[in-house]
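The next block holds one structure in the form of structure tokens; read it before the comments.
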Ligand code: F6R
């Protein structure tokens with residue numbers, strides 16, 4: 001694993017920006033795997049600026065998001081579809097038809113997972129952006145998820161619901177289930193860039209980097225991937 005330690009969250013975003021800029025300039029029709037949550041927000045702001053300054057373009061880019069809450073339509077302000085529009089897609093030159101997010105409102109959720117897997121099979125991800133949960137999850141693949149998993153319906157751990165409650169007005173409003181790309185899907189990306197900010201992530205980062213490769217810490221499987229870059233602030237790196 002290539003580990004970059006940056007002094008603060010803004011530096012994390014700038015270092016990640018450089019990787020995405022290089023990727024898009026090298027291959028303008030890249031397929032990007034994207035994440036939601038707090039970790040990528042500053043990076044998305046840098047990407048928006050980059051497009052404005054004509055340093056890069058999303059015109060030919062296709063994107064696949066990692067996950068979506070079950071039961072939320074794309075207009076719900078806490079849905080990941082809404083998040084992506086607000087944080088990135090509405091402000092860059094991407095063709096919305098090229099953006100893919102699992103549909104959390106599908107009547108048949110298993111069919112929706114199959115549809116998403118099929119779409120992923122037809123688009124190899126060139127660069128996958130990840131955050132990490134304080135329990136080591138990647139995507140919404142919680143501890144003990146099989147490393148062979150593909151897109152599936154996930155029951156969120158209470159710790160994850162509590163972590164995400166900051167985005168809702170109460171814990172009760174946080175959905176109990178999500179659709180997530182599986183760990184196998186994530187590992188198929190050619191390159192992986194994982195961002196982590198803050199002390200709350202330090203233990204998960206240590207387990208991911210130095211711990212055994214074990215489904216107890218889903219992120220630990222990244223030790224087996226040939227091209228992973230972790231970009232951490234000093235607090236997230238403090239247990240390494
Ligand atoms: C988001 C995702 C999650 C988050 C993780 C960290 O699409 O799949 O794995 O990356 O929960 O979330 P933040 O960045 O909010 O700490």
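The values are calculated or read from the model by the stated rules, or taken from the named source; none is laboratory data. Owing to the predicted nature of the structure, the values given are computational and were not obtained by experimental measurement. Because the Cβ atoms are built from the backbone with ideal geometry, glycine has one as well, and the counts that use them run over all protein chains shown.
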Residues of the stretch 122-140 being part of a loop (DSSP other than H, G, I, E, B) and more than 11 Å from the ligand (Cβ to nearest atom), in sequence order, are 122, 123, 124, 125, 126
Matching entry among 238, 169 (being modelled with pLDDT under 95 and more than 14 Å from residue 131 (Cα to Cα)): 169
Of 152, 137, 184, which residue is touching a strand residue (DSSP E or B) at 6+ places or on another chain (Cβ under 8 Å) and farther than 21 Å from residue 44 by Cα? 152
Within the stretch 20-42, the residues that are over 16 Å from residue 233 (Cα atoms) and surrounded by fewer than 17 Cβ atoms within 10 Å (Cβ to Cβ) are 21, 22, 25, 26, 27, 28, 29
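A quick yes/no check of all residues on (1) touching a helix residue (DSSP H, G or I) at 6+ places or on another chain (Cβ under 8 Å); (2) within 24 Å of residue 174 (Cβ to Cβ); (3) within 15 Å of the ligand (Cβ to nearest atom):
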site	(1), (2), (3)
58	yes, no, no
66	yes, yes, yes
82	no, yes, yes
85	no, yes, yes
91	yes, no, no
105	no, yes, no
For the stretch 43-102, the count of residues that are within 20 Å of residue 185 (Cα to Cα), over 16 Å from the mean Cα position of the chain (by Cα) and buried (at least 19 other Cβ atoms within 10 Å of the Cβ) equals 2
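Go through the stretch 21-40 and give me each residue that's away from the ligand (no atom under 16 Å from the Cβ) and either in contact with a strand residue (DSSP E or B) (Cβ under 6 Å, 6 or more places away or on another chain) or in contact (Cβ under 8 Å) with a residue 60 or more places away in the chain (or both).
23, 27, 30, 31
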Among the listed residues 204, 236, identify the single one that is within 11 Å of the ligand (Cβ to nearest atom) and in a helix (DSSP H, G or I). 204
Does residue 189 meet the test of being more than 12 Å from the ligand (Cβ to nearest atom), assigned to a helix (DSSP H, G or I), buried (at least 16 other Cβ atoms within 10 Å of the Cβ) and modelled with pLDDT of 95 or more? no
Failed item in (1) more than 27 Å from residue 20 (Cβ to Cβ); (2) surrounded by 22 or more Cβ atoms within 10 Å (Cβ to Cβ), with residue 130 passing the rest: (1)
In this structure, does residue 178 turn out to be away from the ligand (no atom under 14 Å from the Cβ) and either free of Cβ contacts under 8 Å to residues at least 12 places away in the same chain or in contact with a strand residue (DSSP E or B) (Cβ under 7 Å, 6 or more places away or on another chain) (or both)? no
Among the residues of the stretch 149-175 satisfying the criterion of being part of a loop (DSSP other than H, G, I, E, B) and free of Cβ contacts under 8 Å to residues at least 24 places away in the same chain, which is surrounded by the most Cβ atoms within 10 Å (Cβ to Cβ)? 156
Exactly one condition in (1) over 25 Å from residue 22 (Cβ atoms); (2) out of contact with any helix residue (DSSP H, G or I) (no Cβ under 8 Å at 6 or more places or on another chain) is not met by residue 174; state its number. (2)
